[in-house]
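Student: Dropping a structure here in structure tokens format, bear with me for questions.
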Amino acid sequence: MNVHATPSAAKATPALPSAKPESIGLSPLRLQRMRDAYQREIDKGTTPGVVSMVARRGQIGWFEAQGKQGPADSAPMATNSFFRIFSMTKPLVSLGIMMLVEDGHLLLTDPLAKYIPEFADQKVGIEHNGQLEYALPVRPITIQDLLRHTSGISYEITGAGMVQRMYAKAKTFRRDITNEEHAKLIASMPLMCQPGAEWNYSRSTDILGRVIEVVSGKTLSAFLSERILSPLQMNETGFHTAQGNASRIAQPFPADPWTGDKVALFDPLEIPKMESGGGGLVSTAMDYARFCQMLLGGGALDGTRVIGRTTLALMASNHLAPHVKVESHLLPPGHGFGLGFAVRTDEGLAPYAGSVGQFFWSGVAGTFFWIDPKEDLFAIFLSQGPGQREYFRTLVRSLVYAAVE
């Protein structure tokens, strides 16, 4: 939903062109095997339903919905179902920051404290004999650190260290505080390492969302709508969706079928105070496909350029120097991280096929996309099942690359 439009006035998202799979170098037989593999998962009860899309050479060769929209739902999953895309929000916000860099409003080398002064006083928390000791940062957090997750900022969900426990206790995940209040809350807690020393997946992109507000003088939703969503005609993407779309929202199992953990995802109909740049957007497959095709097209779609070709190439390059410590399953072997995307750096090492230079990211509730410039391909996989996400991310890549001729 375009955030400025009245909910009922949201226009349908224009579809990208489609083609027979064989005409764009995709094997129909192997795509059918992909469909069968997803169906096996649905039948086993690991996910209620999925939407999958594979596009190549500017055309969609595969776009299907399978299973049900939700576990308690008689409605089948639909290609226009709404999904909480969580961290697939991050690439859009990272792109927004780079647009401000292109416009000359900020530099990647700028210290974060230039825009949010509270970060000037932040200390680094060092665990020692079960106590947290505090050290001064050796250098300030930069905008580039935030984009590549080397800021020292953390996430309450990525581990049980003392700083992460402080995040959880402070309820940094709340949706009833503003982006400004959230940034001040993060600034009031210590960093988990020196800026630039480690790759830690984090709330850095939420902080970038606040930087966008400070620099642009607009709310994050207004900025994204004006600069990215409206130009790309992503008419059904926003931090919430209209009541009239309630019947189109995909839902997860109440408990994760693999771990038994209770699953609690936010309500996409609720208008949150916090417009989370790190994970707040709701979207559909075709909306996100327009974003993907723009990325694959070097920053432009249908003659509308949203980001410069060379700026996008910088974003989709590895920004982690060899000395940066990476200990996370989120960054698989053979990969680095750019400005808002993970980036494949090696032909081998990773446990799945792919091309050097492909870039991607995923969402905690089971959404995933990647862009492969070498194969002129992008793929999107949408489900709402947090516990299976790692398994599905690997499975999806194996299935899609098997179909590439």
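Student: Suppose the chain between A321 and D73 were pulled fully straight at 0.36 nm per residue; how much longer would it get relative to their current alpha carbon spacing?
Tutor: Full extension from A321 to D73 adds 84.5 nm.
Student: Per the helix-only calculation at 222 nm, which mean residue ellipticity applies to the chain, given -39500 (n - 2.57) for every DSSP H run of n ≥ 4 and division by its residues, nearest 500 deg cm²/dmol?
Tutor: Here the helix-only value at 222 nm equals -7500 deg cm²/dmol.
Student: I need to check one value: relative contact order of segment 108-216, counting alpha carbon pairs closer than 8 Å and at least 6 residues apart, in percent.
Tutor: Relative contact order comes out at 36 percent.
Student: Can you tell me what percent of all Cα-Cα pairs in segment 1-133 are more than 27 Å apart?
Tutor: Everything past 27 Å amounts to 52 percent.
Student: If you bin every alpha carbon distance in the chain into 20 Å steps from zero, what whole percent lands in each bin?
Tutor: Result, from short to long distances: 28, 61, 11, 0 percent.
Student: Of M189, M34, how do they rank once you tally other Cβ atoms within 10 Å and put the fewest first?
Tutor: Least crowded to most crowded, the residues run M189, M34.
Student: Can you give the Rg and Dmax of segment 143-266 based on its C-alpha atoms, in angstrom?
Tutor: Calculated on Cα positions, Rg and Dmax stand at 16.9, 47 Å.
Student: Let me ask something else. In which sequence would Y391, Y115, Y352 go, from the one with the fewest C-beta neighbours within 10 Å to the one with the most?
Tutor: In order of increasing Cβ crowding within 10 Å: Y391, Y352, Y115.
Student: Please compute the alpha carbon radius of gyration of segment 254-405, then divide it by the globular-protein estimate 2.2 N^0.38 Å. Two decimals is fine.
Tutor: Compared with the compact-globule rule of thumb, segment 254-405 sits at 1.11.
Student: Once phi is turned into ³J(HN,Hα) by the Karplus curve 6.51 cos²θ - 1.76 cosθ + 1.60 with θ = phi - 60°, what whole-Hz value does each residue of segment 78-91 show in order, with x for glycine and proline?
Tutor: Here the 3J(HN,Hα) series is 10, 5, 10, 5, 8, 10, 7, 8, 6, 6, 6, 6, 4, x Hz.
Student: If R0 is 51 Å, what FRET efficiency do you get for T304 and E127 from their C-beta distance, rounded to 0.05?
Tutor: 0.55
Student: Order 200-206, 104-110, 78-84 from most to least packed using the mean count of other Cβ atoms within 10 Å.
Tutor: Averaged packing, sorted descending, gives the order 200-206, 78-84, 104-110.
Computed from the coordinates by the stated procedures, all read-outs in this text should not be read as laboratory data. Only a predicted model underlies this, so the values are computations on that prediction, with no experimental measurement involved. So basically every Cβ, Gly included, is an ideal-geometry build from the backbone, and we count neighbours across all protein chains shown.
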